[in-house]
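What follows is a set of notes on a single structure, which appears directly below.
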Amino acid sequence: NEFEEGLWKSYYENGQLKSKGNWKEGKEVGLWKHYHENGQLDSEGNYKEGNQDGLWKYYYENGKLKVEGNYKEGKEDGYSKTYYENGQLQTEGNLKEGKVDGLWKIYSKDGTITSSVSETKKKKNIKETKHKKDSYSKTYYENGKIKSEGNLKEGKKEGLWKYYHENSQLRSEGN
């Protein structure tokens, strides 16, 4: 048989379990678990014909949840959340075929919203927040009040931008 078949386990040099899951005709299938070298769970989720499919969860080495999101045919698709190492929510929003789809919220480590961005046609790597295409951006003060808002084009401010005081009163606006 030229393909891996059935349950397989791989190990780190120190003997610690690295991953375990099933193969069928040389492709990952079903539930797979990957582990950090310290033995803590690194990621878990299902494969379908060698592609990530359904809910996947990723963890920090301390065991806290890092990312949870859905996959379809190997691409991020659906609602996704990332977390700080302290367990606090960092980002949340939808992805479609691996790209940002609609409103994303970004939080500070203490849980307050620091910005929210509604984007279209922007490639999104969950670990990065670079603005590459057109979007509408809002930033927030730690008290949750809007600090600034306006359009971005190719990551640069374009058109009317408004800036607010912490009490929500308009501070300035301009192009």
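The values are calculated or read from the model by the stated rules, or taken from the named source; none is laboratory data. What you see is a predicted model, and the numbers here were worked out from it, not measured in a lab. Note that we place each Cβ from the backbone using ideal geometry, even for glycine, and neighbour counts take in every protein chain shown. Please note that ligands, DNA and RNA were not included when accessible areas were found on the heavy atoms of the full protein model with its side chains. Shrake-Rupley method; radii C 1.70, N 1.55, O 1.52, S 1.80 Å.
Could you state the accessible area per residue of the chain in Å², with a 1.4 Å probe and every protein chain left in place? Write out the running numbers ahead of the final one.
Details: 11100 Å² over 175 residues.
Computed with neighbouring chains in place, this is 63 Å² per residue.
Among 15-25, 59-69, 162-172, the peptide with the highest mean count of other Cβ atoms within 10 Å heads the list, and the full ranking is 59-69, 15-25, 162-172.
Distance between the pseudo-spin-label points of Glu5 and Gln88 (7 Å out from Cα toward the beta carbon): 5.3 nm. Summarising the amide proton neighbourhood of Leu31: residues at separation of 5 or more, or on other chains, whose placed amide H is nearer than 5 Å comprise Tyr47. The share of accessible area on the chain that comes from carbon and sulfur is 43 percent, using a 1.4 angstrom probe.
Here the Karplus relation 6.51 cos²θ - 1.76 cosθ + 1.60, evaluated at θ = phi - 60°, turns the backbone of the stretch 55-68 into coupling constants of 6, 10, 10, 10, 10, 6, 4, 7, x, 6, 5, 10, 9, 9 Hz, with x for every Gly and Pro. Taking the charge dipole of the chain about its Cα centre, with +1 at Lys and Arg Cβ atoms and -1 at Asp and Glu Cβ atoms, the residue from Asn70, Ser148, Thr114 reaching farthest to the positive side is Ser148.
Order Thr82, Thr112, most accessible first, counting only protein heavy atoms with a 1.4 angstrom probe. Walk me through the numbers on the way to the answer.
Working: Thr82 10, Thr112 35 Å².
Highest to lowest solvent-accessible surface, that is Thr112, Thr82.
If R0 equals 45 Å, the separation of the Cβ atoms of Ser172 and Lys96 corresponds to a calculated FRET efficiency of about 0.80.
Given Lys18/Lys75; Lys64/Lys162; Lys57/Lys153, which pairs have Cα atoms separated by over 29 Å?
Details: Lys18/Lys75 23 Å; Lys64/Lys162 38 Å; Lys57/Lys153 33 Å.
Beyond 29 Å between Cα atoms: Lys64/Lys162; Lys57/Lys153.
For the full complex of protein chains and a 1.4 angstrom probe, list Glu5, Glu13, Glu149 by accessible area with the highest value first.
Glu13, Glu5, Glu149
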